[in-house]
1. Take Ala144 and Glu93, extend 7 Å from each Cα along the Cα→Cβ direction, and tell me the distance between the two endpoints in nm.
2. So what's the back-of-envelope 222 nm ellipticity for the chain, counting only DSSP H runs of four-plus at -39500 (n - 2.57) apiece and dividing by all residues, rounded to 500?
3. Place a label point 7 angstrom from the Cα of Trp118 along the Cα-to-Cβ direction, then list the residues of the range 47-71 whose backbone nitrogen is under 17 Å away.
4. Got the relative contact order for the chain handy, in percent, Cα pairs under 8 Å and 6 or more residues apart?
5. May I ask you to order 116-129, 136-149 by the average number of other C-beta atoms within 10 Å around their residues, highest value first?
6. What share of Cα pairs, in percent, lie more than 28 angstrom apart in the range 1-142?
7. Most exposed first by the Cβ proxy, i.e. fewest other Cβ within 10 Å, how do Leu77, Leu16 rank?
8. With label points built 7 Å along Cα→Cβ from the Cα atoms of Ala61 and Gln128, find their separation and express it in nm.
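Just so you know, all these numbers are worked out from the coordinates, no wet-lab data involved. No experiment lies behind these values; they were computed from the predicted model shown. Backbone-built Cβ (ideal geometry, glycine too); neighbour counts: all protein chains shown.
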Amino acid sequence: MSPSIARNTRVELPELLEFVRPRHRAILLTRRSDGTPQGSPLTCGVDDSGRLVMSTYPERAKVRNARRAPSVSVIVLSDEWNGPWVQIDGEAEVIDAPESVEPLVEYYRNIAGEHPDWDEYREAMRDQGKSLIRVTPRRWGPVATGGFPSRLVAGDGEAAE
């Protein structure tokens, strides 16, 4: 089996959003009050305005951190371990219930499609007091894929010795 070569592909915002839309595994990086990073694995999507969105509860650390220091990073991962991924830096906004209910409908619809009972979903979001974090992308790295550095792979695809 030929070794895979690590790749970095620079993309503009439309290509970035197309990359993110089918990928829902992410890590949100916020800053604690002492400045140290705090990572939260979560499900994310892209709203109709091109912002990254994630559902959460208002008492979570990520929410407190994002309210205090809205500059955050989101690492969007592929389902497969060595699949492509990207880091997106942006400004977070937290929307609490009841204002979060319709944005949560959009979040669900964009990730999973139609719900069998939207009234039931809306009621559940209100009852649970769900919040939504929106991240407006400000900058992002290249879409990266794990693998060997190209200098370690010979021209014929075999690992260099």
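1. My value for the distance between the label points is 3.0 nm.
2. Estimated from H runs of four or more residues: -7000 deg cm²/dmol.
3. 47-49
4. Averaging sequence separation for qualifying contacts and normalising by length gives 32 percent for the chain.
5. Descending mean neighbour count gives 136-149, 116-129.
6. 20 percent
7. If I rank by nearby Cβ atoms, fewest first, I get Leu77, Leu16.
8. Those two pseudo-labels are separated by 2.1 nm.
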